[in-house]
Structures are given as C-alpha cells and as structure tokens.
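> Pasting a structure here, questions to come.
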Amino acid sequence: MSSVDQAKTIDQCLSILDEYEDWENYEEGGTMMHRVLQPYFALSGYKLRAEPEVANQHRFDLVGDNILKGDDRILVDYKFNREGSPRSLIPNAIIEFVANLSPSDVSRVIMVSPEGFDTNVAAVSTRSAGPRLELWSFDDVKDRLVRLRDSKPVENKYVELVLDFVDKLALAIAYEELDLRRLEWREVERLVAHVLAELGYATHLTEGSNDGGRDVVVVDVQQSGIPVFNIEVKHWTSAKVGKKEVKRVLEVALRERRDGAVLWASSGVGPTAIEARNESQVDYLHFADGNKLSMACRSFARKHGGLWSGIRPFQSFILDSSD
C-alpha cells in the first residue's frame, strides 16, 4: 500500500474517533473501536476479528491473528466508562491470564478504554502481568495512528533500487516494451506484490522459498471486514497449472482462514485445475494469468499518470476482465 493510500486510511480512522467524542452506550463505542482498530491492525500485519473469545473465564471482544504467522495472536478487550473518567478496575482474570502466558501463547493482551486507566491501578496491573498487558486510552490509539501515518520508511539503498526497478518493470509491461515471459519467477512475485500495493491494497511478499502455498498476502484495508487473500504465483512459460497446485492453494488458504485465494499462473490453468476447483469454491479461488498481470500494470501506469479512478474491492478487481 502506498504511503498516500495508507495516510488516507489512517485519516479515516482518526475522523471516526473524532466523531465519537460523546458515547451514549457500550455497543456504539465497541462498534466504533472495531471500525478504527481493524484497519490499524491490518496495516500492522494482523487480521482483527469481532469473534469474542473466552480465556481464563474472561470474555475478550476482539481477536487478532498475525497475517503471516498464524500462531501469533492478540486479544483485545474494550472497556466503556460511562462516567468519562479513567477506569479504576482491571479484572483479576485478565491479570492472571497474562501473567501465566507461556512464550508460545498469545503475544499480548490489549485493553482499551476511552479515558484510559487510573495511573496507580495501571502500574500495579502491568507490574503483576508483565509487558504483554497493554492499556490504551483513545488518545493512545490516536497517537499510534498518527505515528504510523507519519512514520518515515527506513532508508535502504537496496530497497530503493529494487522498488525503482520494479516500477520500471511494471511500466515497461504496461507499454508493451517488455515480454512478461522474460522475467524470472521472483521478479514476477515482487511485481505482483508491488503493483497491487501501488493500486491501494496492503501486500506482504513472503520469503523466496518454502512460502507454504502463498507468495503474496493481500489485505483489502478499504473494505468492511478487512478481507485477506492469498496469492500463489506460478510463473511457468508454457506448462499450465493443474490439480496439484489448486489443491495446495486451497488447503493453505482454508487453513489460514483467508477470505479468498488467487492462483496467478502466467501461462494459465489446465482442465484438471478447473476440475479441482469445484462449484462451491468458484467464488473463493480465482484464476489469473499473464494478461491479468499486464492489465494490472496498465492500471499502475494510469495511476502514475493521474488517471486512476480509485481503489476497488480486491475480489472485483481480480474478476474484472476489462482494461
């Protein structure tokens, strides 16, 4: 996701917080926090779900899973204080739960309350529970959003050169100055991730080997629910993808609870691949080919030229065959 698109998303979150200066009921405040925290966590690499979870007899409101590492999880608890003062009570069940976490358990527990938490109570609680218990006020949430929006990328000449190279690749493909078949497989994976990021989606390029059935993870930060998709890139110059590759992509995406998956095959998919994707999975697993990547590069070129019409839901972007 480009820095401009990321800044727009964060500004939207800040606007939501500003709209809710007076809270009338718990449900309204909880819904608002979910709308704010969900994109913030997505930009930080987590899929935040409004699926309550009970741990140590305490019901947590939100659960965050690491997009790339499923065993790294965050539990979020929202506490609404109607009197508008700092919260003076942290449930013992939470303190005990966090204090007894093993290194392999959830990475942290976050409690959020509009006015924050009483200083003395917070000091005692964090001393008992340790650093994996975090207490946030709404001002803390705003500060974190602003820091993320205004953060400057670490200057790295190698990264700068690589991104400049991928920009040139995308433009060369868009203007038909370069044949996609001349690219190496890793260049195509990087191209897919970079072009989609420039078109407004948050993307994560996985390691070059042992990627586990997904080369790029796409997070559609602009959409309700923040859907997450796996993309597996098969840059084969002639052979078509078959049944084995389809089964692997589906297996990984379903295990990781993705909202959908894309098998991006430069030379297309064969009949066995189409057969392997049964009727119930047509809306879940999508196929894309070299032509689709060329179309994405042309959209990238239009955005660079100031002619971009705006971010679309990722699923409709993949399904759209028009240019």
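> It is to be established whether one or more residues within the stretch 94-115 are at pLDDT 90 or above and of a type in the set (Gly, Ala, Ser).
Yes.
> Hey, another quick one. Just the residues that are surrounded by fewer than 17 Cβ atoms within 10 Å (Cβ to Cβ) and either in a helix (DSSP H, G or I) or modelled with pLDDT of 80 or more (or both), please, taken from the stretch 16-34.
Hits for the stretch 16-34 are ILE16, ASP18, GLU19, TYR26, GLU27, GLU28, THR31, HIS34.
> Can you name the number of the only condition in (1) among the acidic types (Asp, Glu); (2) free of Cβ contacts under 8 Å to residues at least 60 places away in the same chain; (3) open to solvent by less than 70 Å² (accessible area, probe 1.4 Å) that GLU256 fails?
Of (1) among the acidic types (Asp, Glu); (2) free of Cβ contacts under 8 Å to residues at least 60 places away in the same chain; (3) open to solvent by less than 70 Å² (accessible area, probe 1.4 Å), only one is false for GLU256: (2).
> May I pose another question? For the stretch 43-97, give me each residue that is aliphatic (A, V, I, L, M) and assigned to a loop (DSSP other than H, G, I, E, B). Don't jump to the end; show me each part of the working.
Kept after step one, since they are aliphatic (A, V, I, L, M), are these residues of the stretch 43-97: 43, 48, 50, 54-55, 62-63, 67-68, 74-76, 89-90, 93-95.
ALA50, ILE67, LEU68, LEU89, ILE90, listed by residue number.
> I would also like to ask the following. With the structure loaded, tell me whether ARG87 is modelled with pLDDT under 90 and surrounded by fewer than 17 Cβ atoms within 10 Å (Cβ to Cβ) or whether it fails that test.
Values: modelled with pLDDT under 90: yes; surrounded by fewer than 17 Cβ atoms within 10 Å (Cβ to Cβ): no.
Criteria not met by ARG87.
> How many residues are hydrophobic (A, V, I, L, M, F, W, C) and open to solvent by 10 Å² or more (accessible area, probe 1.4 Å) if we restrict to the stretch 91-122? Working first, answer last.
In the first step, residues of the stretch 91-122 are kept if they are hydrophobic (A, V, I, L, M, F, W, C); the result is 93-95, 97-99, 101, 106, 109-112, 117, 121-122.
Then drop every residue that is not open to solvent by 10 Å² or more (accessible area, probe 1.4 Å), which leaves 93, 95, 97, 99, 101, 106, 117, 121-122.
Adding up the residues that qualify gives 9.
> Within the stretch 136-143, can one find any residue that is of a type in the set (A, V, I, L, M) and closer than 30 Å to GLY310 by Cα? Can you show your working first?
Applying the first criterion (of a type in the set (A, V, I, L, M)) to the stretch 136-143 yields 141.
Applying the additional criterion that residues be closer than 30 Å to GLY310 by Cα yields 141.
Among the residues of the stretch 136-143, at least one is of a type in the set (A, V, I, L, M) and closer than 30 Å to GLY310 by Cα, which makes the answer yes.
A quick yes/no check of all residues on (1) open to solvent by less than 20 Å² (accessible area, probe 1.4 Å); (2) among the β-branched types (Val, Ile, Thr); (3) at pLDDT 95 or above:
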| site | (1), (2), (3) |
| --- | --- |
| ARG186 | no, no, no |
| VAL192 | yes, yes, yes |
| LEU199 | yes, no, no |
| ASN210 | no, no, no |
| GLY213 | yes, no, no |
| VAL218 | yes, yes, yes |
| GLN222 | no, no, no |
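> Another question about this same structure. Filtering the stretch 305-320 down to residues that are more than 20 Å from GLU189 (Cα to Cα) and of a type in the set (S, T, N, Q), which residue is most open to solvent (accessible area, probe 1.4 Å)? Let's see the steps before the verdict.
Of the residues in the stretch 305-320, the ones more than 20 Å from GLU189 (Cα to Cα) are 305-313, 316, 320.
Keeping just the survivors that are of a type in the set (S, T, N, Q) gives 309, 316.
Values: SER309: 115, SER316: 49 Å².
Result: SER309.
> Suppose we keep only residues that are open to solvent by less than 80 Å² (accessible area, probe 1.4 Å) and assigned to a loop (DSSP other than H, G, I, E, B) within the stretch 147-168. Which one would you say is modelled with the highest pLDDT?
Across the stretch 147-168, the extreme among qualifying residues is SER151.
> Condition check: in a helix (DSSP H, G or I), touching a residue at least 60 places away in the same chain (Cβ under 8 Å) and open to solvent by 40 Å² or more (accessible area, probe 1.4 Å). Does ARG144 satisfy that? Talk me through it step by step, then tell me what you get.
Values: in a helix (DSSP H, G or I): yes; touching a residue at least 60 places away in the same chain (Cβ under 8 Å): yes; open to solvent by 40 Å² or more (accessible area, probe 1.4 Å): yes.
Answer is yes for this residue.
So that you can scan it fast, the table gives a plain yes or no per residue for (1) in contact with a Lys or Arg (Cβ under 9 Å, 6 or more places away or on another chain); (2) free of Cβ contacts under 8 Å to residues at least 12 places away in the same chain; (3) surrounded by 15 or more Cβ atoms within 10 Å (Cβ to Cβ):
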{"position": "ALA261", "(1), (2), (3)": "yes, no, yes"}
{"position": "ALA273", "(1), (2), (3)": "yes, no, yes"}
{"position": "VAL282", "(1), (2), (3)": "no, yes, no"}
{"position": "LEU285", "(1), (2), (3)": "yes, no, yes"}
{"position": "ASN291", "(1), (2), (3)": "no, yes, no"}
{"position": "SER299", "(1), (2), (3)": "no, no, yes"}
{"position": "LYS303", "(1), (2), (3)": "no, no, yes"}
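> Do you know which residues across the stretch 98-112 are in contact with an Asp or Glu (Cβ under 9 Å, 6 or more places away or on another chain) and outside any strand (DSSP E or B)?
Selection gives SER104, VAL106, SER107.
> Strands (runs of 3 or more DSSP E) wholly in the stretch 177-253 with at least 2 residues that are without any contact (Cβ under 8 Å) to a residue 60 or more places away in the chain - which ones? Lay out the reasoning, then the answer.
Values: elements: 202-205, 216-219, 228-234.
Qualifying strands (runs of 3 or more DSSP E): 228-234.
> Pick from the stretch 59-75 the residues that are more than 17 Å from PRO227 (Cα to Cα) and basic (Lys, Arg): which of them is least open to solvent (accessible area, probe 1.4 Å)?
If we filter the stretch 59-75 for residues that are more than 17 Å from PRO227 (Cα to Cα), which is where we start, we get 59-61, 71-75.
With basic (Lys, Arg) added as a condition, the list becomes 59, 73.
On the way: ARG59: 135, ARG73: 55 Å².
In this case the residue turns out to be ARG73.
The values are calculated or read from the model by the stated rules, or taken from the named source; none is laboratory data. In this text the structure is predicted, and so the values were computed from the model without any measurement. Heads up, the Cβs are rebuilt from the backbone with ideal geometry, glycines too, and the neighbour counts pull from every protein chain shown. Please note that ligands, DNA and RNA were not included when accessible areas were found on the heavy atoms of the full protein model with its side chains. Shrake-Rupley method; radii C 1.70, N 1.55, O 1.52, S 1.80 Å.
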